[in-house]
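Engineer: Mind having a look at this structure? Questions to follow.
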Amino acid sequence: MSFHPKIDYREFHRSTRKMPYDDGKVFAYEPDNRARLEDIAKRYPPEGRKSAILPALYLVQRQLGYISLSSMQHVAEAIGCTAAEVEDVVSFYTMFYTRPMGKFVVQVCRTLPCALRGAERVTEELTTALGIQPNDTDSTGTFTLMEVECLGACDRAPLVMVNDSWHECLQPEDAKKLADDLRARGEDALTGCHHQSPDRAKG
Amino acid sequence: MEPILTKFVREPHCYTLDFYLKHEGYQGLRTALGMKPNDVIELVKASGLKGRGGAGFPAGMKWQFVVKDTPKPKYIVCNADESEPGTFKDHLLMERNPHLLFEGCLIACHAIGAKVAYIYIRGEFLHVQHVLEQQLEDAYKKGYVGKNVMGLGWDCDIFIHRGAGAYEAGEETALLESLEGKRAQPRLKPPFPAIAGLYGAPTAVNNVETLSNVPSILLRGAEWYAALGPEKNGGPKLYCISGHVERPGVYEASMNITLRELIFNVAGGVRDGRPLKAVIPGGSSVPILLPDQLDIQASFDGVAKAGSLLGSAGIIVLDDTTCMVWLAENLLRFYRHESCGKCTPCREGTQWLLNILEKIERGEGEMKDLALLENVAGLIAGKTLCAFGDAAATPALTTLKNFRGEYEAHVREGRCTVPAPWRRRTAAAAHSH
């Protein structure tokens with residue numbers, strides 16, 4: 001058969017993402033994060049302590065900004081499992097960053113309902129405004145741009161998530177302004193999330 | 001129909017415990033705790049409440065299947081991992097009516113004999129999670145959750161667990177894996193969660209909207225509930241309308257309503273008065289309906305009869321500027337990215353489908369690619385552990401079936417024949433993930 005496109009197997013699916021990132025530093029939880037982890041672990045039965053891996057990784061990310069090789073070993077010790085089990089989890093979930101990210105992680109939802117209302121154009125405008133391609137971080141470490149899959153806010157399309165907050169109904173022509181506002185005012189520039197209303201202005 | 005789940009969502013402070021208590025809050029739970037667990041299950045069965053997560057499985061049956069005679073603890077797990085493209089109803093319920101969900105969780109726990117409920121919420125809903133946590137804390141403090149609930153001598157805990165960005169975690173056994181601290185990959189069934197679920201213990205996994213329906217059934221009865229909609233499709237339903245409509249949003253209605261009424265009356269019709277091209281009625285995983293197929297009941301049975309599925313009631317409206325090859329490519333990129341990698345047909349097949357679709361959309365397709373597309377999609381559907389495989393095959397199959405001419409035009413003219421101003425203007429970076 002003549003049809004045989006080349007496949008980049010390195011990018012094939014999420015389980016083959018490049019892992020892990022060694023930043024050359026030894027990670028340890030700050031005492032309050034360590035205490036918080038033990039509080040969280042109490043929600044699960046003793047045999048289910050591994051359930052606290054996801055929350056434990058969020059605590060690492062809160063403290064460090066990403067998940068390093070050393071932090072995975074530290075989490076494994078805190079949970080009482082192997083480092084491989086932690087790495088297995090980190091490599092699967094898209095919300096765990098495996099490298100240092102910009103101060104503002106700008107994630108444009110690219111799935112159908114957002115795309116129908118201009119998400120592809122939003123990404124293009126942000127690429128121009130920020131001077132970086134998706135998956136890149138700018139040289140000052142201020143912005144990381146990403147295209148992500150459905151964020152579950154299709155009525156507020158196109159949706160952009162900046163760090164953990166939402167910016168709703170971002171029109172392509174307003175993308176540059178959002179970038180400028182983020183630089184000037186930080187996350188206060190975001191519209192945040194408000195419940196749907198039948199009077200919502202059309203976007 | 002007067003809204004039941006979303007009646008107060010536009011009022012300030014509607015998410016607080018005080019507000020909830022002023023509007024019959026936790027009265028359904030009080031009724032339930034005065035009943036035998038089995039009677040609660042029978043009542044919910046009689047109401048005909050179908051699961052609102054996508055499969056439409058009767059909730060009462062799910063609870064009945066949970067093994068009662070066991071030394072193990074039992075669990076209620078609430079699926080709040082709302083991730084199906086086009087679906088955003090649970091977000092609204094949790095953000096504006098969190099106590100309704102807590103009450104539903106507690107009633108479900110009483111029904112199956114569980115002492116713990118976990119709410120697994122998707123990681124991107126952190127602002128919603130904050131509302132839930134704050135309100136849960138208040139409910140604990142005032143004795144509606146925790147030890148000796150409402151002074152009635154019954155204990156029950158609710159915990160919130162944050163996911164981390166995986167569509168597959170919405171599949172119930174993958175959700176349980178994720179909740180156990182592993183990759184969100186589905187389990188081989190049987191055994192079903194009702195026999196061996198969370199930590200190997202009997203478990204019922206219910207969607208947010210499903211559990212939010214339960215308190216009103218306890219309060220007003222199964223007959224009242226069933227009479228709200230057509231036969232076997234009772235109760236209120238939340239519809240998520242997105243895409244090319246004037247007023248995207250969550251709308252509550254009886255399932256007596258038709259798809260046409262939802263799109264043209266409730267959501268204001270197609271944006272800018274453009275012609276309607278097609279509708280995806282139940283989230284991105286279901287077959288497309290054409291404009292002449294909309295005069296049907298927007299119920300589980302009504303949409304199924306028309307050859308699609310109500311699924312999660314995520315209605316995505318497409319106007320005449322939408323290229324159907326582009327649409328399939330967009331969705332296949334989603335499925336390729338979200339395939340958990342466990343089953344070979346899905347892991348490999350989604351990449352192949354995407355490759356072929358990209359090739360056609362770029363204008364480099366050949367006529368034989370259309371047959372290949374059908375062939376590969378057919379090799380995924382029905383050949384995987386969970387329904388993801390069927391879902392991933394659907395966009396290619398349904399667009400080919402309904403818009404074959406558009407595919408052929410792409411091949412013949414060597415370009416996308418339906419370019420839209422809202423799409424990207426520069427060449428897309430291939431494999432941008």
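The values are calculated or read from the model by the stated rules, or taken from the named source; none is laboratory data. Please read all numbers here as calculations on a predicted model, not as lab measurements. Here Cβ is always computed from backbone atoms with ideal geometry, including for glycine, and neighbour counts include all displayed protein chains. Please note that ligands, DNA and RNA were not included when accessible areas were found on the heavy atoms of the full protein model with its side chains. Shrake-Rupley method; radii C 1.70, N 1.55, O 1.52, S 1.80 Å.
Engineer: Within region B:79-103, take every residue that is farther than 21 Å from B:F8 by Cβ and not acidic (D, E) and give me the one that is farthest from the other protein chains (Cβ to nearest Cβ).
Structural biologist: This residue is B:N79.
Engineer: Run A:Q107 past the list (1) more than 8 Å from chain B (Cβ to nearest Cβ); (2) polar (S, T, N, Q); (3) farther than 30 Å from B:L318 by Cα and report the number of the one that doesn't hold.
Structural biologist: (3)
Engineer: When you scan region B:357-416 for helices (runs of 4 or more DSSP H) that lie fully inside it, which ones turn up with 2 or more residues that are within 21 Å of the chain's Cα centre (by Cα)?
Structural biologist: B:388-402
Engineer: Condition test on B:V40, is it in contact with a Ser or Thr (Cβ under 8 Å, 6 or more places away or on another chain), over 23 Å from B:A298 (Cα atoms) and either within 14 Å of chain A (Cβ to nearest Cβ) or assigned to a helix (DSSP H, G or I) (or both)? Talk me through it step by step, then tell me what you get.
Structural biologist: On the way: in contact with a Ser or Thr (Cβ under 8 Å, 6 or more places away or on another chain): no; over 23 Å from B:A298 (Cα atoms): yes; either within 14 Å of chain A (Cβ to nearest Cβ) or assigned to a helix (DSSP H, G or I) (or both): yes.
Spelling it out, it is not the case that B:V40 is in contact with a Ser or Thr (Cβ under 8 Å, 6 or more places away or on another chain), over 23 Å from B:A298 (Cα atoms) and either within 14 Å of chain A (Cβ to nearest Cβ) or assigned to a helix (DSSP H, G or I) (or both).
Engineer: Further, regarding this structure: Exactly one condition in (1) under 24 Å from A:R121 (Cβ atoms); (2) outside any helix (DSSP H, G or I); (3) touching an Asp or Glu at 6+ places or on another chain (Cβ under 7 Å); (4) not basic (K, R) is false for B:P419; which is it?
Structural biologist: Unmet condition: (3).
Engineer: Additional query: Open to solvent by less than 40 Å² (accessible area, probe 1.4 Å), in contact with a Pro (Cβ under 9 Å, 6 or more places away or on another chain) and outside the structural domain of A:L190 (by TED's automatic domain parsing): does that describe A:P45? Can you show your working first?
Structural biologist: Working: open to solvent by less than 40 Å² (accessible area, probe 1.4 Å): yes; in contact with a Pro (Cβ under 9 Å, 6 or more places away or on another chain): yes; outside the structural domain of A:L190 (by TED's automatic domain parsing): yes.
Yes.
Engineer: Would you call A:D164 open to solvent by 10 Å² or more (accessible area, probe 1.4 Å), facing chain B (nearest Cβ under 8 Å) and modelled with pLDDT under 95?
Structural biologist: Spelling it out, A:D164 is indeed open to solvent by 10 Å² or more (accessible area, probe 1.4 Å), facing chain B (nearest Cβ under 8 Å) and modelled with pLDDT under 95.
Engineer: Please count how many residues of region B:64-87 are among the β-branched types (V, I, T) and either assigned to a loop (DSSP other than H, G, I, E, B) or open to solvent by 10 Å² or more (accessible area, probe 1.4 Å) (or both).
Structural biologist: Initial filter on region B:64-87 (among the β-branched types (V, I, T)): B:66-67, B:70, B:76-77, B:87.
Next cut, either assigned to a loop (DSSP other than H, G, I, E, B) or open to solvent by 10 Å² or more (accessible area, probe 1.4 Å) (or both) only: B:66-67, B:70, B:87.
Residues meeting the conditions: 4.
Engineer: Given (1) open to solvent by 70 Å² or more (accessible area, probe 1.4 Å); (2) in contact (Cβ under 8 Å) with a residue 40 or more places away in the chain, where does B:K22 come up short, assuming only one miss?
Structural biologist: Condition not satisfied by B:K22: (2).
Engineer: Of (1) open to solvent by less than 10 Å² (accessible area, probe 1.4 Å); (2) touching a Leu at 6+ places or on another chain (Cβ under 6 Å); (3) free of Cβ contacts under 8 Å to residues at least 24 places away in the same chain, B:Q351 satisfies all except one. Which?
Structural biologist: With respect to (1) open to solvent by less than 10 Å² (accessible area, probe 1.4 Å); (2) touching a Leu at 6+ places or on another chain (Cβ under 6 Å); (3) free of Cβ contacts under 8 Å to residues at least 24 places away in the same chain, B:Q351 is out only on (2).
Engineer: If you go through region A:133-158 one residue at a time, how many are open to solvent by 10 Å² or more (accessible area, probe 1.4 Å) and more than 12 Å from every other protein chain (Cβ to nearest Cβ)?
Structural biologist: 6
Engineer: How many residues, within region A:59-72, are open to solvent by 10 Å² or more (accessible area, probe 1.4 Å) and in contact (Cβ under 8 Å) with a residue 40 or more places away in the chain?
Structural biologist: Number satisfying all stated conditions: 3.
Engineer: Let me ask another. Among the residues of region B:368-391, which ones are open to solvent by less than 20 Å² (accessible area, probe 1.4 Å) and either within 12 Å of another protein chain (Cβ to nearest Cβ) or basic (K, R) (or both)?
Structural biologist: Selection gives B:D369, B:L370, B:L373.
Engineer: Could I ask something else about it? Mind checking which residues of region B:307-320 are more than 9 Å from chain A (Cβ to nearest Cβ) and over 20 Å from the mean Cα position of the chain (by Cα)? Show your work before the answer.
Structural biologist: Initially, region B:307-320 is screened for residues more than 9 Å from chain A (Cβ to nearest Cβ), giving B:307-313, B:315, B:320.
Passing the criteria: only B:D320.
Engineer: While we're on this one: State whether one or more residues within region B:416-429 are away from chain A (no Cβ under 14 Å) and either in contact with a helix residue (DSSP H, G or I) (Cβ under 9 Å, 6 or more places away or on another chain) or under 24 Å from B:A174 (Cα atoms) (or both).
Structural biologist: Applying the first criterion (away from chain A (no Cβ under 14 Å)) to region B:416-429 yields B:417.
This time we only want the ones that are either in contact with a helix residue (DSSP H, G or I) (Cβ under 9 Å, 6 or more places away or on another chain) or under 24 Å from B:A174 (Cα atoms) (or both), so: B:417.
Looking for residues that are away from chain A (no Cβ under 14 Å) and either in contact with a helix residue (DSSP H, G or I) (Cβ under 9 Å, 6 or more places away or on another chain) or under 24 Å from B:A174 (Cα atoms) (or both), one finds at least one in region B:416-429, hence yes.
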